[in-house]
Amino acid sequence: MLWFLCCVICLLCNFVSCPLCWYHAFFLKYILQFYTPWCAYCHTFEPILYEVGAELKSMGSPVNVGKIDTTVHTSIASEFNIRGYPTIKLFKGDLSFDYKGPRTKDAIIEFTNRVSGPVVKPLSSVQLFQHVMSHHDLIFVYIGQESLLKKKYYKAATEYIVHTYFFTASEEVLPKAVTLQDVPAIAVFKDGTYYLYNEIVDGDLSFWINRERFPSYFQIDSFSLYQMGELSKPVFLYKHGEYIYIIYILMNIYTVGTESIQTLCDISFGYMDGNEYINGLIMGEVEMPFIIVLNMTIDGYCLPESTIETIEDLLRFLNSVLDGSAKLLGGNGFLQHTKRVFNKARSTVVSMFQAAPFFSCFVFGLPVGIVVLVIWRTCTAVPADDEKPMEGATASPALDAHGRKAKEMQPDGIEKTSEAKKED
């Protein structure tokens, strides 16, 4: 499979399929877009892909950029289970990594630089550690020498390198504020502080990394929202700038042993600057500012029944969500799914008319006009006249039910006499 893909890449890059394909597979790196000619999103993304290629080339990156038409190379699309378009994958050696972030140049380049390099990078000095911390909001760090925990860490890093950064360091390069109870250790640095992994309390390392790879509160888009939903945790969303003071207080008043700390662990926090996505989810118009708790596993949501003004109001609402007493709206049932499809179609049509009214009138008016014309012609069509005998032709005598010639009748229905027949 890998050799076949490399041959296709060689052909796409104007190389000749040769024994060097294995060299291309293990020493060259590619980020490829899988597309179809009929996909409108693929055509929209194509200029961004060219910008990514130009930027990576100017940076001296070893990653090559290309695209594959899945209608031509159907076996490759089947091999990599390509279902949506455009699909972006980065190939490094015998590994492939899916990109599921925003379709922007900066986001794709950041993903490429993170994944194309070593999965785990060493931090060899205090200055390098501080430099990394100043450029990234969240990083995982393994502290210590070789151990079984380090092998687990490298395995988990290979799985989650598509989402975040992984490093190794010694105790000497860590900030002085970091206190380790034991070495080796794994720490996540985020939100201006750090959290240590405890195998007894936190369980599986991969599960802990997947749970901790999000900041405690950050700006959420549709991509990160569904990634957070995979954790089966409610997502607390609010309008940034309106309730931010409540969130900051809420995040800082938690102390170990209180009821509130459990609320923090069981809910992910985030904010959105717009309400378009939420409007599509609830099939309505939320009032700005808004507070909403989403259950992305079933596309459900909870809204506060009263205005949130104090910390107590917020905690009361969150606890009602956790204990199940809050009313769960929405869902992914057949009826809700059908309503959401029609609502999305309606929103699309409205946005089209708002953006290009004349073009939209033409697009929707042309088929409607054709249908109306066909119906009108069908209803107003004149039936064909009955067949008449040609001039000069003799009409065949009528036959009765037994096949005999019917008797000629006078207009008044009386049979002609023999004299009348002679006169005829």
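The values are calculated or read from the model by the stated rules, or taken from the named source; none is laboratory data. All figures in this text were calculated on a predicted structure; none of them were measured in a lab. No Cβ is skipped: glycine too gets one built from the backbone with ideal geometry, and neighbour counts run over all protein chains shown.
A few remarks follow.
- Unmet criterion (only one of (1) touching a strand residue (DSSP E or B) at 6+ places or on another chain (Cβ under 9 Å); (2) outside any loop (DSSP other than H, G, I, E, B)) for ILE308: (2)
- When every residue of the stretch 124-137 is checked against the conditions, at least one turns out to be outside the structural domain of ARG103 (by TED's automatic domain parsing), within 33 Å of the chain's Cα centre (by Cα) and of a type in the set (A, V, I, L, M, F, W, C).
- Residue count, the stretch 312-338 (criterion: outside any helix (DSSP H, G or I) and either among the hydrophobic types (A, V, I, L, M, F, W, C) or closer than 12 Å to GLY300 by Cα (or both)): 8
- Among the candidates LEU138, LEU128, residue that is in contact (Cβ under 8 Å) with a residue 60 or more places away in the chain and more than 30 Å from GLU46 (Cα to Cα): LEU138
- Any hit, the stretch 329-336, residues being out of contact with any His (no Cβ under 9 Å at 6 or more places or on another chain), modelled with pLDDT of 80 or more and closer than 17 Å to PHE269 by Cβ: no
- Test: residue in the stretch 38-49 that is in contact (Cβ under 8 Å) with a residue 40 or more places away in the chain, in contact with a Leu (Cβ under 9 Å, 6 or more places away or on another chain) and surrounded by fewer than 19 Cβ atoms within 10 Å (Cβ to Cβ): no
- With a requirement of 1 or more residues that are of a type in the set (Gly, Ala, Ser), at pLDDT below 85 and over 21 Å from PHE97 (Cβ atoms), the helices (runs of 4 or more DSSP H) lying completely within the stretch 1-77 that satisfy it span 40-58.
Residue by residue, here is whether (1) aliphatic (A, V, I, L, M); (2) in the same structural domain as PHE269 (by TED's automatic domain parsing); (3) modelled with pLDDT under 75; (4) not in a loop (DSSP other than H, G, I, E, B) holds:
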position: ARG340; (1), (2), (3), (4): no, no, yes, yes
position: VAL363; (1), (2), (3), (4): yes, no, yes, yes
position: VAL368; (1), (2), (3), (4): yes, no, no, yes
position: LYS407; (1), (2), (3), (4): no, no, yes, no
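- Number of the exception - ALA177 against (1) in contact with a helix residue (DSSP H, G or I) (Cβ under 8 Å, 6 or more places away or on another chain); (2) more than 16 Å from ARG211 (Cβ to Cβ); (3) assigned to a loop (DSSP other than H, G, I, E, B): (1)
- Enumerated strands (runs of 3 or more DSSP E) restricted to the stretch 84-125, each holding at least 1 residues that are in contact with a Lys or Arg (Cβ under 9 Å, 6 or more places away or on another chain), in contact (Cβ under 8 Å) with a residue 40 or more places away in the chain and among the aromatic types (Phe, Trp, Tyr): 87-92, 95-99
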